[in-house]
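To keep things clear, I will list the structure first and then write my remarks on it.
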Amino acid sequence: MIRAQPRPEDVGVYEIEIELSDIYRQSYTIFTLTVLPSDFIIEIKTLPGLLDAEIDSLDRSGLVKIVFSEPILIPANFQEFRKLLVIDFGVMRNGVTINGLVSSWNITKFTAEYITVQIEFTKPEQLSMTSAYDKLVVEFLLNGYFIS
């Protein structure tokens with residue numbers, strides 16, 4: 001709760017940046033605070049929008065590029081994502097998830113626009129064995145790390 005009794009010298013427009021963080025996420029929200037003679041108005045200037053991610057490419061070596069719908073903040077601890085279970089990868093065939101095909105993964109590059117991840121498959125020869133292609137499924141479990 002914010003309470004204020006503005007004085008005449010307090011009247012004006014102020015931009016405030018507040019950092020909200022906990023063990024799972026980091027966020028920066030910018031407010032515009034307008035102080036009037038008898039009151040004040042807080043307007044949220046920017047909020048994280050709905051962020052989408054999609055697979056841009058996947059090569060035969062298991063290198064996948066995931067692009068974001070808008071630039072995001074780069075988390076300081078993205079190398080810890082595997083240990084923290086932030087992202088999960090799986091393989092889907094004919095609408096059914098095939099367990100155990102992804103053995104490990106590592107983020108090789110993280111930019112504001114995309115990430116590249118090296119995926120290791122336990123049995124790569126079992127991928128897309130038929131004319132029906134398998135789908136790589138990427139799930140962002142702790143999506144608070146991905147803030148636009």
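Every number here is computed from the coordinates shown, using simple stated rules; none is lab data. None of these values were measured; they are calculated from a predicted model.
Would you grab the residues whose amide H sits under 5 Å from the one on residue 105? Only those 5+ places off in sequence or on another chain, please, with H modelled 1.01 Å from N.
Amide H neighbours of residue 105, under 5 Å, 5+ apart: 120.
If I take every Cα pair under 8 Å that is 6 or more residues apart in segment 53-145, average their sequence separation and divide by the length, what percent do I get for the relative contact order?
Working: 149 pairs, mean separation 30.2, N = 93.
Worked out over segment 53-145, it gives 33 percent.
Can you give the Kirkwood hydrodynamic radius for segment 53-145, in Å, rounded to one decimal and based on Cα pairs? Let's see the in-between values first.
Values: mean 1/r = 0.0718 Å⁻¹.
About 13.9 Å, per the Kirkwood formula over Cα pairs.
Quick one: what are the phi-derived ³J(HN,Hα) couplings along segment 72-84, Karplus 6.51/-1.76/1.60 with θ = phi - 60°, whole Hz, x for glycine and proline?
Once θ is set to phi - 60°, the couplings for segment 72-84 become 10, 6, 8, x, 5, 10, 5, 5, 8, 4, 5, 5, 7 Hz.
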